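Q: Below is one structure. I have some questions about it.
The values are calculated or read from the model by the stated rules, or taken from the named source; none is laboratory data. None of the values given here were measured: they were computed from a predicted structure. Quick reminder, even Gly has a Cβ in these numbers, built from the backbone with ideal geometry, and neighbours come from all protein chains shown. Quick note on the areas: whole protein, heavy atoms, side chains included, nothing else; ligands and nucleic acids left out. Shrake-Rupley method; radii C 1.70, N 1.55, O 1.52, S 1.80 Å.
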Amino acid sequence: MNTAINLSVVIPVYNEQDVLQALFDRLYPALDALNLRYEIVFVNDGSRDKSAAMLADQFGLRPDVTRVVLFNGNFGQHRAILAGFEHSRGERVVTLDADLQNPPEDIQLLLAEMDKGHDYVGSIRRQRNDSMWRHLASRAMNRLREKLTRIKMTDQGCMMRAYSRRIIDTINQCNELHTFIPALAYQFAQHPTEVVVGHEERFAGESKYSLYSLIRLNFDLMTGFSIVPLQWFSLMGMAVSAGSGILVAYLILRRLIIGPEEGGLFTLFAIAFFLIGIALFGIGLLGEYIGRIYQEVRSRPRYVIQAVLEQKEKQA
């Protein structure tokens, strides 16, 4: 009898008490219909509502296919997914948000692409229901990310993705604190692809990603996978230095030929403020890289697990 688990579904949960029951009602029937041996790994990321209790109750109802990892604090979505990866046992792993914006019924679409030989399947939301500013900001960041990292993802904001066991095992060997999982998997993939999936309005509650969180996430993506921003500022510094040298030579020649002149003070102020702004931004960017080095060398754990709810395997 083959006891291998074919599919693991990893779901990070943070303050989702209003949507969890609806998620249970749709997720389990969708996976049962696949006729595969599966498990669902919920990772409670320090929820302050009743999410942990609801997950424990669901584990009691379906302990054969349910595992619950409980953090003792809030460590972030990507670290929760990494914990789910480490506790997953499936030959294929699918990540899914708990907010039901991506229908669980579309998991079969990702698995169908993996059946064709792909080891990593990204997703593209068919119809985004986000606000206009968020849609435009996401598109702009996608283009910037592709230029900086050479990683091509049509829709980086959609976390419904499928990974082969080889990629999961490789990701589990990585120990960095700050990362972007879809981009990390793309680097390890040999035959990646993308598939269009549904996108519904959030079932209940509010998005856990504020504007600040999105900015921080994109900083993790840019600085974690490329040093191109630093190289750009090096080139910009060289260009500014060359331009400054030309300007100084011009002013000296002008003074020798025409003589001293008055005026132009505010122009000089404007140029000075512009250059100071560039310098401060470059120092801030350099600080982002140094800050990440500082956090990595301390070697602190990425997360702390309070408990794991799982059914013990029977010994042969």
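Q: If you go through region 44-65 one residue at a time, how many are of a type in the set (S, T, N, Q), assigned to a helix (DSSP H, G or I) and under 19 Å from Val94 (Cβ atoms)?
A: Adding up the residues that qualify gives 1.
Q: Starting from region 284-308, take each residue that is under 28 Å from Val68 (Cα atoms) and list its partners that are surrounded by 12 or more Cβ atoms within 10 Å (Cβ to Cβ) and of a type in the set (D, E, K, R), counting only C-beta distances under 8 angstrom and pairs at least six apart or across chains.
A: Glu296/Glu176; Arg302/Arg79; Tyr303/Arg79; Val308/Arg67
Q: Pro104 passes all but one of (1) at pLDDT below 95; (2) open to solvent by 20 Å² or more (accessible area, probe 1.4 Å); which number fails?
A: Of the numbered conditions (1) at pLDDT below 95; (2) open to solvent by 20 Å² or more (accessible area, probe 1.4 Å), the odd one out for Pro104 is (2).
Q: If I filter region 166-183 down to residues being at pLDDT 85 or above and hydrophobic (A, V, I, L, M, F, W, C), which single residue comes out as farthest from Val10 (Cα to Cα)?
A: That would be Cys174.
Q: Let me ask something else about it. Please indicate, with yes or no, whether at least one residue in region 24-32 is part of a strand (DSSP E or B), of a type outside the set (Asp, Glu) and more than 20 Å from Asn172 (Cβ to Cβ).
A: no
Q: Criterion first (open to solvent by 20 Å² or more (accessible area, probe 1.4 Å), of a type in the set (S, T, N, Q) and touching a residue at least 12 places away in the same chain (Cβ under 8 Å)) does Asn35 satisfy it?
A: no
Q: Here is a follow-up. Residue by residue through region 89-101, note down the ones that are open to solvent by less than 10 Å² (accessible area, probe 1.4 Å) and part of a loop (DSSP other than H, G, I, E, B).
A: Gly90, Leu96, Ala98, Leu100, listed by residue number.
Q: Could I ask something else about it? In region 66-86, how many are surrounded by 18 or more Cβ atoms within 10 Å (Cβ to Cβ) and outside any strand (DSSP E or B)?
A: Total meeting the criteria: 11.
Q: Only one of Phe59, Phe71, Phe85, Phe24 is under 18 Å from the mean Cα position of the chain (by Cα) and in contact (Cβ under 8 Å) with a residue 24 or more places away in the chain. Can you tell me which?
A: Just a single option satisfies the conditions, and that option is Phe85.
Q: Further question: What are the residues in region 107-155 that are under 19 Å from His191 (Cβ atoms), at pLDDT 75 or above and among the hydrophobic types (A, V, I, L, M, F, W, C), if any?
A: Correct list: Leu109, Leu110, Leu111, Ala112, Met114, Val121, Ile124.
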